[in-house]
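The values are calculated or read from the model by the stated rules, or taken from the named source; none is laboratory data. Source: prediction; values computed, not measured. Don't worry about glycine lacking a Cβ; one is built from the backbone with ideal geometry, like all the others, and counts go over all protein chains shown. Quick note on the areas: whole protein, heavy atoms, side chains included, nothing else; ligands and nucleic acids left out. Shrake-Rupley method; radii C 1.70, N 1.55, O 1.52, S 1.80 Å.
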Amino acid sequence: MTLKKTLFSVIAAGVIVSSAGIAAASEDNITYRKSVMKAVGGHMKSIALIVKGQAGDMKDIASHATAMAGLAKATATAFPEGSGPMDGKTEALLAVWEKPDEFKQVTMAFIAETEKLAEAAKSGDKGAIGAQLGALGKNGCKACHDNFREKN
């Protein structure tokens, strides 16, 4: 084999290995994001069930709300470049990356609403918790799902 062919083969192999690593990283970022969102949904559902008196115990709401506030902060970095619909199976729309300022604004609202929920949960007041849960759903969750998440 000539030097040119050998060099080309080495470069081509490097590109293939590098591409495989990038694809794996993209899928890992998407899997991480899905896990965070699933956990958020679990806490949200748990709080709703407790507030409605259908399941759980009021003493557990603060734990759920605090965990959700922490997860909300994690969403700020859960959408890195290379983890969009072109990079793997995700419900995130391309708008996340095309409109980063709008997406950041919605993410910050989500974080703020979960922090308010964590504060309301400390009070133990079902009315205040329920009202803030509604505000979170409208201003945090729905605001993002309407514009930045694939419709199911």
When restricted to Ala55, Ala65, the only residue surrounded by fewer than 20 Cβ atoms within 10 Å (Cβ to Cβ), over 18 Å from Cys144 (Cβ atoms) and in contact with a Ser or Thr (Cβ under 9 Å, 6 or more places away or on another chain) is Ala55
Any idea which residue in the stretch 39-52 is farthest from the chain's Cα centre (by Cα), counting only those that are surrounded by fewer than 16 Cβ atoms within 10 Å (Cβ to Cβ) and within 18 Å of Ala135 (Cα to Cα)? Lys52
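Does Asn139 satisfy the criteria of being closer than 19 Å to Ile30 by Cα and out of contact with any His (no Cβ under 8 Å at 6 or more places or on another chain)? Before you say what the answer is, go through the steps one by one.
Numbers: closer than 19 Å to Ile30 by Cα: no; out of contact with any His (no Cβ under 8 Å at 6 or more places or on another chain): yes.
The answer is no for Asn139.
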Condition broken by Leu117, with the remaining ones in (1) open to solvent by 30 Å² or more (accessible area, probe 1.4 Å); (2) assigned to a helix (DSSP H, G or I) satisfied: (1)
